[in-house]
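Data first, discussion second: the structure below is written as structure tokens.
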Amino acid sequence: MSNEFSFRLIATDGKARRGEITMRRGTIRTPAFMPVGTGGTVKAMYLDQVRALGSDVILGNTYHLMLRPGAERVARLGGLHEFARWPHPILTDSGGFQVMSLSKLRKLTEKGVTFRSHIDGAPYEMTPERSIEIQGLLDSDIQMQLDECTALPAKPDEIERAMELSLRWAERCKVAFGDQPGKAMFGIVQGGDSTPLRVRSAQALKSMNLKGYAVGGLAVGEPQQVMLDMLDVTCPELPTEKPRYLMGVGTPDDIVKSVARGIDMFDCVMPTRAGRHGLAYTRRGKINLRNARHADDPRPLDEESNCPAARDYSRAYLHHLVKSQEALGAMLLTWNNLAYYQRLMQDLRDAIEAGRFTDRAAEISEGWVRGDLPVYQAR
């Protein structure tokens with residue numbers, strides 16, 4: 001561990017990068033997937049389990065934590081690490097995405113955004129300075145600038161306006177963040193599905209000499225190929241010696257294809273949300289435990305997994321739990337899904353170091369295409 005925030009590249013294979021982010025609370029091995037702990041908890045999981053699966057870092061959400069239990073309260077109780085019993089790195093997003101997507105009553109100005117809580121309708125104001133202040137009260141290790149994220153499709157002039165505003169907010173966030181040893185503030189590239197705007201945003205953020213850079217405003221309604229095209233034009237504009245974070249992405253296929261384009265960090269609610277709705281991610285693809293065909297199937301999800309949820313419980317039992325809406329079903333499938341995501345990330349890190357990323361990515365994809373083993377036929 002180090003009192004300084006640093007990133008080093010260990011190996012590259014094509015554009016895929018294997019690296020390490022080091023800070024005072026630990027090391028993040030990249031490419032990394034960050035489980036989403038929206039309100040200080042990764043849903044349906046003990047954080048000790050999350051750590052045991054190989055997670056180096058989790059994500060907390062500024063918007064939700066500022067509303068409940070309140071950032072000042074978390075600070076009085078020792079910060080988010082102490083509050084949630086997670087002594088390892090935490091990244092907090094700025095709250096901007098939730099303000100734009102969850103708050104029906106909001107007003108956006110140059111200063112910031114005023115909105116009403118989706119919980120009780122209470123009024124709040126979020127400015128770049130307040131977002132950084134809240135993240136400081138939470139004591140997160142990586143803090144994100146406040147930005148305006150536009151859903152796609154959107155009009156070109158609206159995308160440009162939001163991108164330019166996000167750049168001005170990035171400058172204010174940088175000033176508010178100041179110099180915090182061992183911590184980092186990341187800027188967020190915006191620009192929708194416009195190549196020129198993405199390039200302008202990336203170049204402007206690069207000139208701010210931040211400690212890391214995120215790509216935002218993707219996986220918000222556009223086809224996957226549009227997302228990949230934007231990564232193709234954005235990643236080359238970002239400094240090679242700084243970490244790159246693709247926000248809110250995504251499926252295993254999204255992750256593999258984004259790593260191939262030079263992305264280092266990911267977060268997404270998908271594995272935990274899917275687990276709560278009966279869907280399992282495996283090396284053979286997705287398995288929907290709601291389907292009746294699993295009712296008599298004694299096989300586990302994956303007999304080769306080192307995760308007990310995948311290896312030791314029958315599909316028939318998991319199907320029963322899901323159909324009965326038992327809490328244990330959500331817990332076991334979330335456990336399986338996060339185990340699979342972390343196994344995938346380790347697989348990609350190993351492949352990059354071995355110089356066989358392209359081959360391994362193809363093998364992984366072929367496993368998904370081949371799909372599950374033949375359907376079990378009850379006697």
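Given the residues I287, I263, which is the only one that is assigned by TED's automatic domain parsing to the domain that holds T12, modelled with pLDDT of 95 or more and not aromatic (F, W, Y)? Explain how you work it out, then say what you get.
Details: I287 fails: assigned by TED's automatic domain parsing to the domain that holds T12.
Answer to the selection: I263.
Scan the stretch 86-108 for residues that are touching a helix residue (DSSP H, G or I) at 6+ places or on another chain (Cβ under 6 Å) and over 23 Å from W169 (Cα atoms) and jot them down.
W86, P87
Of the residues that make up the stretch 270-282, is at least one over 21 Å from V189 (Cβ atoms), of a type outside the set (S, T, Y) and in a loop (DSSP other than H, G, I, E, B)? Break it down stepwise before answering.
The first filter runs over the stretch 270-282 and keeps only residues over 21 Å from V189 (Cβ atoms), leaving 270-282.
Among the residues that remain, those that are also of a type outside the set (S, T, Y) are: 270-271, 273-280.
Then keep just the ones that are in a loop (DSSP other than H, G, I, E, B); that gives 277-278.
For the stretch 270-282, residues over 21 Å from V189 (Cβ atoms), of a type outside the set (S, T, Y) and in a loop (DSSP other than H, G, I, E, B): present.
Is it the case that the stretch 54-68 has a residue that's surrounded by fewer than 16 Cβ atoms within 10 Å (Cβ to Cβ) and either over 26 Å from I119 (Cβ atoms) or without any contact (Cβ under 8 Å) to a residue 40 or more places away in the chain (or both)?
From the stretch 54-68, those surrounded by fewer than 16 Cβ atoms within 10 Å (Cβ to Cβ) are 68; that's our starting set.
Checking the rest, the ones that are also either over 26 Å from I119 (Cβ atoms) or without any contact (Cβ under 8 Å) to a residue 40 or more places away in the chain (or both) come to none.
No, that holds for no residue.
Which of (1) aromatic (F, W, Y); (2) more than 28 Å from L332 (Cα to Cα); (3) in contact with a Ser or Thr (Cβ under 9 Å, 6 or more places away or on another chain) does Y245 not meet, given it meets every other one?
Among (1) aromatic (F, W, Y); (2) more than 28 Å from L332 (Cα to Cα); (3) in contact with a Ser or Thr (Cβ under 9 Å, 6 or more places away or on another chain), Y245 violates only (3).
Name the residues in the stretch 1-55 that are assigned to a loop (DSSP other than H, G, I, E, B) and hydroxyl-bearing (S, T, Y), would you?
Taking the stretch 1-55 first, the residues assigned to a loop (DSSP other than H, G, I, E, B) are 1-5, 14-15, 24-25, 31, 37-46, 53-55.
Those that are assigned to a loop (DSSP other than H, G, I, E, B) and hydroxyl-bearing (S, T, Y): S2, T38, T41, Y46, S55.
So is A362 touching a Pro at 6+ places or on another chain (Cβ under 7 Å), at pLDDT 95 or above, among the small types (G, A, S) and assigned to a helix (DSSP H, G or I) or not? Spell out the reasoning first.
Working: touching a Pro at 6+ places or on another chain (Cβ under 7 Å): no; at pLDDT 95 or above: yes; among the small types (G, A, S): yes; assigned to a helix (DSSP H, G or I): yes.
So A362 does not fit the description; no.
Scan the stretch 168-194 residue by residue and report those that are in contact with a Phe, Trp or Tyr (Cβ under 9 Å, 6 or more places away or on another chain) and on the phi > 0 side of the Ramachandran plot. Before you say what the answer is, go through the steps one by one.
Within the stretch 168-194, the subset in contact with a Phe, Trp or Tyr (Cβ under 9 Å, 6 or more places away or on another chain) is 180-189.
Once the filter is applied, which keeps residues that are in contact with a Phe, Trp or Tyr (Cβ under 9 Å, 6 or more places away or on another chain) and on the phi > 0 side of the Ramachandran plot, the stretch 168-194 yields only G182.
Of all residues in the stretch 297-321, which are in a helix (DSSP H, G or I) and either of a type in the set (F, W, Y) or under 13 Å from I287 (Cβ atoms) (or both)?
Hits for the stretch 297-321 are A309, A310, R315, A316, Y317, L318, H319.
Search the stretch 322-359 for residues being of a type in the set (K, R) and assigned to a helix (DSSP H, G or I), and hand back the single one that is farthest from A52 (Cα to Cα).
Taking the stretch 322-359 as the starting set, the residues that turn out to be of a type in the set (K, R) are 323, 343, 349, 356.
Subset that is assigned to a helix (DSSP H, G or I): 323, 343, 349.
On the way: K323: 28, R343: 12, R349: 18 Å.
That would be K323.
Closer than 21 Å to F266 by Cα and not polar (S, T, N, Q): does that describe K211? It would help to see each step written out before you state the result.
Numbers: closer than 21 Å to F266 by Cα: yes; not polar (S, T, N, Q): yes.
Yes.
Within the stretch 239-257, identify whether any single residue is within 24 Å of G37 (Cβ to Cβ), crowded, with 20+ Cβ neighbours inside 10 Å, of a type in the set (S, T, N, Q) and at pLDDT 95 or above, and answer yes or no.
No, the stretch 239-257 has no match at all.
Out of (1) touching a Phe, Trp or Tyr at 6+ places or on another chain (Cβ under 7 Å); (2) more than 30 Å from Y213 (Cα to Cα); (3) aromatic (F, W, Y), the odd one out for W368 is which?
That leaves (1) as the condition not met.
I need the full set of residues from the stretch 211-244 which are in a loop (DSSP other than H, G, I, E, B), touching a residue at least 40 places away in the same chain (Cβ under 8 Å) and over 23 Å from S101 (Cα atoms), in order please.
K211, L238, T240, E241, K242, P243
Quickly run through the stretch 188-199 and pick out the residues that are surrounded by 24 or more Cβ atoms within 10 Å (Cβ to Cβ), farther than 16 Å from T62 by Cβ and either modelled with pLDDT under 95 or not polar (S, T, N, Q) (or both).
So the first thing to find is which residues in the stretch 188-199 are surrounded by 24 or more Cβ atoms within 10 Å (Cβ to Cβ), and the list is 188-192, 198.
Keeping just the survivors that are farther than 16 Å from T62 by Cβ gives 189-192, 198.
Of everything in the stretch 188-199, those that are surrounded by 24 or more Cβ atoms within 10 Å (Cβ to Cβ), farther than 16 Å from T62 by Cβ and either modelled with pLDDT under 95 or not polar (S, T, N, Q) (or both) turn out to be V189, G191, G192, R198.
Counting only residues that are touching a strand residue (DSSP E or B) at 6+ places or on another chain (Cβ under 9 Å) and over 30 Å from E20 (Cα atoms), give me the strands (runs of 3 or more DSSP E) lying completely in the stretch 56-162 with at least 3 of them. Give the derivation first.
Numbers: elements: 58-61, 90-93, 106-108, 113-116, 123-126, 142-144.
Strands (runs of 3 or more DSSP E) meeting the threshold: 106-108, 113-116, 123-126.
The values are calculated or read from the model by the stated rules, or taken from the named source; none is laboratory data. Keep in mind that this is a model prediction, so the values were computed, not measured. For neighbour counting, all protein chains shown are included, and Cβ atoms are generated from backbone atoms with ideal geometry for every residue, glycine included.
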